[in-house]
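The values are calculated or read from the model by the stated rules, or taken from the named source; none is laboratory data. Since we're looking at a predicted model, the values are computed, not measured. When we count neighbours, we look across all protein chains shown, and the Cβ atoms used for this are built from the backbone with ideal geometry, even at glycine. Only protein heavy atoms, including side chains, enter the accessible area calculation; ligands, DNA and RNA are left aside. Shrake-Rupley method; radii C 1.70, N 1.55, O 1.52, S 1.80 Å.
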Amino acid sequence: MSLRAILGAIGLAVSLPFLVYLVYLSQAKSTSPDQIIFLAFAFSITFPTLILLSLVLFRSLVILAVSLPVYAVCVIAGYARTFMAFQIVCNGKITESFKDCLYFSVSLFTNTGCADCAPTPQLRLLAASEAFFGYLSLGVFTACLIVILVRLITTDKLRP
């Protein structure tokens, strides 16, 4: 058995229970606030682990370059759903509108900030974690694109 196969089996064994629990929680009719926070945070950690595992197994930066935008969309939507469950404050009023929560989530993930929306006190740590994952994924995505460009330049595929 090769090292890649062993790493793949370990990665699958570690991430599969998280993914099953995440699917279970997303389908549950009633969830506690702690479960929703765990859902958003565990997804933010599990998905990048799978991306990095695929990078190690297949040694393809193209996989990483394609999967990171998918990760960003999934994290933004997951956090927006979490903010809907807990309600955020927009324009001085408590709201659970998906449009407002999505706007707040995008502004957190891209670290642009928004002056008209704010998390409730119980969501402050979760909002900070989304900003952290957004900052981290932007750095990884940029580094990945630079490595791909350097490889293309050094193999003379970009020269006429």
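Quick look at the numbers
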| item | result |
| --- | --- |
| Residue that is nearest to Glu130 (Cα to Cα) [pool: residues in the stretch 73-96 that are touching a residue at least 12 places away in the same chain (Cβ under 8 Å) and not hydrophobic (A, V, I, L, M, F, W, C)] | Tyr79 |
| Every residue from the stretch 142-160 that is open to solvent by less than 60 Å² (accessible area, probe 1.4 Å) and within 21 Å of the chain's Cα centre (by Cα) | Ala143, Cys144 |
| The one condition in (1) β-branched (Val, Ile, Thr); (2) within 13 Å of the chain's Cα centre (by Cα); (3) open to solvent by 70 Å² or more (accessible area, probe 1.4 Å) that Ile94 fails to fulfil | (2) |
| Filter result for Val106 (assigned to a helix (DSSP H, G or I), modelled with pLDDT of 90 or more and surrounded by 11 or more Cβ atoms within 10 Å (Cβ to Cβ)) | yes |
| Extreme residue, farthest from the chain's Cα centre (by Cα), among residues of the stretch 114-139 that are within 26 Å of Leu68 (Cα to Cα) and open to solvent by 50 Å² or more (accessible area, probe 1.4 Å) | Arg124 |
| Number of the exception - Arg159 against (1) at pLDDT 80 or above; (2) of a type in the set (Lys, Arg); (3) farther than 21 Å from Phe38 by Cα | (1) |
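Residues are listed down the side, and each one gets a yes or a no for (1) more than 27 Å from Leu3 (Cβ to Cβ); (2) modelled with pLDDT under 80:
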{"position": "Leu57", "(1), (2)": "no, yes"}
{"position": "Pro69", "(1), (2)": "yes, yes"}
{"position": "Lys93", "(1), (2)": "yes, no"}
{"position": "Glu130", "(1), (2)": "yes, no"}
{"position": "Thr155", "(1), (2)": "no, yes"}
